[in-house]
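Novice: For reference, the structure I am asking about is given below.
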Amino acid sequence: MSEILLLQPPALKPAEPPLGLAVLLAHLRSCGLKATALDANLEAYLYLLDPVSLAAHTQAGRNTSLNRALNHRDASLALLRSQAASQNFARYTTAVRYLNQLLGCWGSPKGEERLTLGDYRHDGLSPFDPADLERLAKGQVSTLFADYFTAELVPRIRGLAPRTIAISINYLHQALPAFELAGLLRRALPQVKLVGGGGLISSWREPVQRLGLRLPPFDHLVFGPGEGPLAQLARAKSLNPICSPTLRRSISAPISVLRGWANIFRRSWCCLWVAPAAAIGKTASSAPKPQRRCIPLPPSTRTSCRNSCASWQPPMGVAPFS
């Protein structure tokens with residue numbers, strides 16, 4: 001049994017590990033708690049690109065182009081997972097095109113819902129509409145991730161038997177699938193505490209508190225860093241439905257003026273891996289070494305952040321082309 005499970009829901013670019021969850025996981029384990037983390041975003045992409053799933057889903061509508069993409073599926077994935085992807089732009093774009101074509105098979109027939117390696121859109125539902133989020137949570141509507149959730153993820157989570165599940169929602173692309181997943185978990189595991197947090201949830205703090213929203217099916221919402229609130233919940237301590245940890249910030253310059261590319265490490269702390277502008281378009285061997293830049297962290301979490309990212313290097317082998 002796991003006391004707390006941390007989840008990264010789809011849909012994000014499946015290119016970097018969820019480092020924010022890694023820091024949370026390290027902190028909770030350092031407190032003596034049994035904690036587990038799942039990157040459901042990466043797993044969702046791999047499920048949708050699985051040959052068996054694709055064969056069953058596309059059996060009625062195959063054509064020569066789709067068969068070609070299916071035949072190149074393994075080679076395309078292998079290329080994007082290697083440094084060779086940054087050394088030949090033509091091979092890179094071809095691999096991305098094949099995989100995006102396969103992911104496109106899961107979209108809605110009318111084109112309202114679309115998924116690629118870099119984007120997820122649903123024109124029929126809005127992450128800003130509480131009614132749409134509630135419909136997803138109640139199972140009245142679904143996303144293209146529903147098969148993965150019901151066939152793979154929810155049974156796996158049921159086997160872990162966590163007492164608390166924390167879902168990290170940082171971007172708009174995650175909102176619709178995350179609320180659908182939360183609703184499925186609420187129905188499958190009614191006794192489990194469901195916690196919503198992350199950068200996007202934190203950005204909704206003012207309207208949520210002003211309007212008195214609770215965003216079902218979550219039992220608790222955490223604004224800002226979640227180490228303290230999650231540790232309290234895992235220890236079965238009482239906690240308000242809406243938690244707002246205090247975090248003093250000191251920002252010397254807006255993120256938007258940073259030159260080069262930045263891999264978001266922790267949105268609630270504004271912790272980044274930043275590569276100089278000269279690194280864009282370079283291969284792993286020729287690019288300048290990136291450096292980590294963090295806003296000053298709370299003393300209780302500064303050490304865990306330093307330890308967690310000291311041994312990790314950003315994927316310069318797949319740095320974006322200019």
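Novice: Please verify whether GLY32 is modelled with pLDDT of 85 or more, of a type in the set (Gly, Ala, Ser) and surrounded by fewer than 18 Cβ atoms within 10 Å (Cβ to Cβ), treating the condition exactly as stated.
Specialist: Answer is yes for this residue.
Novice: Kindly evaluate GLN191 against the criterion of being of a type outside the set (Phe, Trp, Tyr) and not in a loop (DSSP other than H, G, I, E, B).
Specialist: Here the answer is no, as GLN191 does not meet what is asked.
Novice: May I pose another question? (1) outside the structural domain of LEU77 (by TED's automatic domain parsing); (2) in a loop (DSSP other than H, G, I, E, B): which one isn't true of GLY111, the others all being true?
Specialist: (1)
Novice: Additional query: Specify which of the listed residues (THR143, THR150, THR116) is closer than 27 Å to LYS34 by Cα and either more than 15 Å from the chain's Cα centre (by Cα) or of a type outside the set (D, E, K, R) (or both).
Specialist: THR150
Novice: Follow-up question, since we're still on this one. Condition check: surrounded by 14 or more Cβ atoms within 10 Å (Cβ to Cβ), within 22 Å of ILE169 (Cα to Cα) and in contact (Cβ under 8 Å) with a residue 12 or more places away in the chain. Does LEU24 satisfy that?
Specialist: When the stated conditions are applied, LEU24 passes them.
Novice: Tell me the residue from ILE201, ILE167, ILE157 that is assigned by TED's automatic domain parsing to the domain that holds LYS138, of a type outside the set (Ser, Thr, Tyr) and assigned to a strand (DSSP E or B), please.
Specialist: ILE167
Novice: For the range 126-135, check the following and say yes or no: at least one residue is closer than 13 Å to LEU49 by Cβ and not aromatic (Phe, Trp, Tyr).
Specialist: No, every residue in the range 126-135 fails to be closer than 13 Å to LEU49 by Cβ and not aromatic (Phe, Trp, Tyr).
Novice: Is it true that PRO51 is within 21 Å of LEU102 (Cα to Cα), free of Cβ contacts under 8 Å to residues at least 40 places away in the same chain and not assigned by TED's automatic domain parsing to the domain that holds SER108?
Specialist: yes
Novice: Right, here's the next one. Exactly one condition in (1) of a type outside the set (Asp, Glu); (2) assigned to a loop (DSSP other than H, G, I, E, B); (3) over 18 Å from the mean Cα position of the chain (by Cα) is false for ARG210; which is it?
Specialist: So the condition that ARG210 fails would be (2).
A quick yes/no check of all residues on (1) over 28 Å from LEU176 (Cα atoms); (2) surrounded by fewer than 14 Cβ atoms within 10 Å (Cβ to Cβ); (3) modelled with pLDDT of 90 or more:
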position	(1), (2), (3)
LEU7	no, no, yes
ALA11	no, no, yes
TYR47	no, no, yes
SER53	no, no, no
ALA56	no, yes, no
SER65	yes, yes, no
HIS72	yes, no, yes
TYR92	yes, no, yes
VAL96	no, no, yes
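Novice: While we're on this one: I need the full set of residues from the range 80-106 which are over 13 Å from ALA69 (Cα atoms), assigned to a helix (DSSP H, G or I) and touching a Ser or Thr at 6+ places or on another chain (Cβ under 8 Å), in order please.
Specialist: Passing the criteria: GLN83, SER86, TYR92.
The values are calculated or read from the model by the stated rules, or taken from the named source; none is laboratory data. Since this is a predicted model, take the numbers as computed values, not measurements. Note: ideal-geometry Cβ built from the backbone for every residue, glycine included; neighbour counts use all protein chains shown.
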